[in-house]
1. Largest first and in whole Å, what are the equivalent-ellipsoid semi-axes of region 128-193 based on the Cα gyration tensor, each being the root of 5 times an eigenvalue?
2. Tally Lys and Arg at +1 and Asp and Glu at -1 over the other residues with C-beta under 12 Å from the C-beta of Val159: what net charge comes out?
3. Which parts of region 123-146 would a label at Met211 reach, counting a residue when its backbone N lies under 14 Å from a point 7 Å out along Cα-to-Cβ?
4. Compute the FRET efficiency between Gln202 and Ser79 as 1/(1 + (r/R0)^6), taking r as their Cβ-Cβ distance and R0 = 41 Å, and round to the nearest 0.05.
5. Of Trp105, Val24, Ala62, which is farthest towards the positive pole of the chain's charge dipole, taken about the Cα centre with +1 and -1 on the beta-carbons of Lys, Arg and Asp, Glu respectively?
6. How much length is gained on full extension from Leu94 to Ser106, taking 0.36 nm per residue of separation minus their Cα-Cα distance?
7. For Glu132, project a label point 7 Å along Cα to C-beta. Then give me every residue of region 74-117 with its amide nitrogen under 19 Å of that point.
8. What does the charge count around Gln111 come to, taking other residues whose C-beta lies under 14 Å from its C-beta (Lys +1, Arg +1, Asp -1, Glu -1)?
Amino acid sequence: MSLDGRVALVTGAGRGIGKAVARVLAERGASVAVHYHTSREGAEAVASDIEAQGGRAIALQADVSQPDQVERMAEQCRSALGPADILVNNARQLARGKPFTELQWSDYQGQIDVMLRGTFNCCRAVLPSMMERRWGRIVNVLSTVLVDHRPRTSAYGTVKSALLYFSQNLAVEMGPCGITVNMVSPGLIQTEREILHSRSYQEEYIRDTPMGRLGVPEDVAEAVAYFEGEKIGFITGVNMAVSGGKTIF
């Protein structure tokens with residue numbers, strides 16, 4: 001599957017899943033805008049690695065909760081690489097879970113600002129040019145917590161649930177414009193960051209997973225890349241679980 005000539009904007013791409021997505025899309029031929037909020041060193045390393053492999057990439061900073069910063073980022077992408085044909089909304093706020101009785105609304109608001117408002121802002125910034133060209137691919141990263149109902153994930157799961165409806169509704173609206181909107185829902189993924197679940201929980205999770213392991217970022221990246229292909233124009237509104245069979249939608 002070639003993405004030659006396409007431009008991808010991947011949010012939260014300085015590490016973890018976003019980094020793997022940026023690299024896989026670049027391997028397929030896309031030019032990649034590697035977004036970061038605070039992980040400048042990581043994002044620049046990803047962009048440098050892509051260029052060292054013969055690709056085109058640029059690291060771009062923005063607080064995705066701020067529309068003016070997202071518009072600036074989209075313009076920088078257009079100037080350096082071209083308008084985004086592909087958008088992967090992966091940015092998230094990582095927070096240790098709490099029992100509901102310990103939650104404050106601020107715990108929800110932080111997740112809303114980054115994951116829901118951030119996705120809204122990024123879609124608003126790139127959709128006009130996609131609509132003009134009548135081609136676009138949007139993938140929003142959700143989570144199997146939508147149906148797994150893991151403990152202490154009320155704020156995170158609530159926002160991911162809102163993103164599910166947002167994505168499906170956008171898929172219906174953008175279909176006539178030649179733009180697909182799909183979702184990838186990772187299970188428990190081992191990245192550079194600490195997994196915010198106990199060791200016993202992880203061991204139980206692995207025992208309950210048919211593939212017998214945790215996921216790795218490349219597992220998610222390959223699923224994301226599937227939805228970006230030139231020939232995947234009649235699949236939209238789909239949520240794909242990447243969980244080794246533990247969760248099947």
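Quick note: the coordinates plus some simple rules give every number you see, no bench work behind them. Not measured: the values here are computed from a predicted model. Note that each Cβ is placed from the backbone with ideal geometry, even for glycine, and that neighbours are counted across all protein chains shown.
1. 28, 13, 8
2. In short, +1.
3. 144
4. Values: r = 44 Å, r/R0 = 1.06.
It comes out at approximately 0.40.
5. Selected residue: Trp105.
6. Details: separation 12, 0.36 × 12 = 4.32 nm, distance 1.38 nm.
Value of the extension gain: 2.9 nm.
7. 74-87, by backbone N distance to the label point.
8. Details: positive: Arg92, Arg96, Lys98, Arg117, Arg152, Lys160; negative: Asp107, Asp113.
Neighbourhood net charge equals +4.
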